[in-house]
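All remarks here apply to the structure that follows.
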Amino acid sequence: MTTLATCRRCERLTDFRSDILARYPDYQKTPIGAWGAAASRMILVGLAPGLHGAARTGKAFVGDASGQFLFESLYECGLATSPDPEIARLVNLRITNAVKCLPPGNLPTTGEVSACREHLRADLFGMNGQRMRRNRVIICLGTLAHRAVYRCLEQPVQPFSHGASYAVRPHLHVLSCYHPSRLNVNTGRLTKRMLLDVLRRGIELAG
Ligand code: SF4
């Protein structure tokens, strides 16, 4: 298995990171993995690092507008110690992305999503071991993460529906949510109430 820190499997994304580093030398020089305690019972899976978010800070959903929106709700549900992602600690929660390198236009190719499956699997199975006795919940933010998670779990991909949850195996639930992108939030497709409802459902499923 290729380690995440040294992975250069996607040439397009590796080249893109070099271009970004030429413009922003302080940004992250390696792919960006999960953060939060590995023993957490919930994990949020987004799409990919944002240019001025995770690609800058090294933490998924820290540093951009999506993260700001998300953390207000995480704090309200008790899943983060602050509504400010820059200083928050996660509580019984991990956060990661389906694709660990920044893609141009926020759009990884199908091949790049498949190439990164091995790293997403490590995030999910780090938390969701086969012998687990307590419930675990994976919350997919957006359709790309939704599909990537089902493929990682080697399960048939269920139709995406905001708020829908599936028990994919004993003690393991997958819950889907619209991505808290600026577009979804500005158009009202995802409201704070809708996000809070999904997070609270996740907490309930985690038991
Ligand atoms: S996107 Fe994933 S598989 Fe591709 S280079 Fe980055 S870490 Fe490796």
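Take Tyr166, Tyr178 and order them by how many other Cβ atoms sit within 10 Å, fewest up front.
With the fewest neighbours first, Tyr166, Tyr178 line up as Tyr166, Tyr178.
Around Asn97, which amide H atoms from residues at least 5 apart in sequence, or from another chain, sit under 5 Å from its own amide H, with H modelled in the peptide plane?
Here the answer is Gly46, since their amide H atoms fall under 5 Å of that of Asn97.
Quick check: the distance between the Cα centres of the stretch 82-104 and the stretch 145-183, to the nearest angstrom?
18
List the lysines whose alpha-carbon lies under 22 Å from that of Lys100, not counting same-chain residues fewer than 8 positions away?
Once the sequence-local lysines are set aside, what remains near Lys100 is Lys29, Lys59.
In deg cm²/dmol, rounded to 500, what helix-only [θ] at 222 nm does the chain give when every DSSP H run of at least 4 residues adds -39500 (n - 2.57) and the total is split over its residues?
When only DSSP H runs of four or more count, the value is -10500 deg cm²/dmol.
Compute the relative contact order of the chain as a whole-number percentage, counting only Cα pairs closer than 8 Å that sit 6 or more residues apart in sequence. Kindly include the intermediate steps, with their values, before the conclusion.
Working: 385 pairs, mean separation 44.8, N = 207.
Contact order relative to length: 22 percent.
From the phi of every residue in the stretch 108-116, what ³J(HN,Hα) in whole Hz does the Karplus formula 6.51 cos²θ - 1.76 cosθ + 1.60 yield, where θ is phi - 60° and glycine or proline is x?
Result, rounded to whole Hz: x, 7, 4, x, 5, 5, 5, 4, 8.
Could you check how many percent of all C-alpha pairs in the chain are farther apart than 22 Å? If you can, show how the numbers build up before the last one.
Values: 9364 of 21321 pairs.
When every Cα pair of the chain is considered, 44 percent fall beyond 22 Å.
Longest span of the chain, sites excluded, free of GluC sites (Glu not before Pro) in DSSP loop with at most 13 other C-beta atoms within 10 Å? Before the final figure, lay out the partial values.
Details: sites that count: Glu86, Glu154.
In the chain, the maximal stretch lacking such sites is 1-85.
Readers should treat all values here as calculations from the given coordinates under stated rules, not as data from a laboratory. Worth saying up front: this structure is predicted, and the values here are computed from it rather than measured. Please note: Cβ atoms are built from the backbone with ideal geometry, for glycine as well, and neighbour counts cover all protein chains shown.
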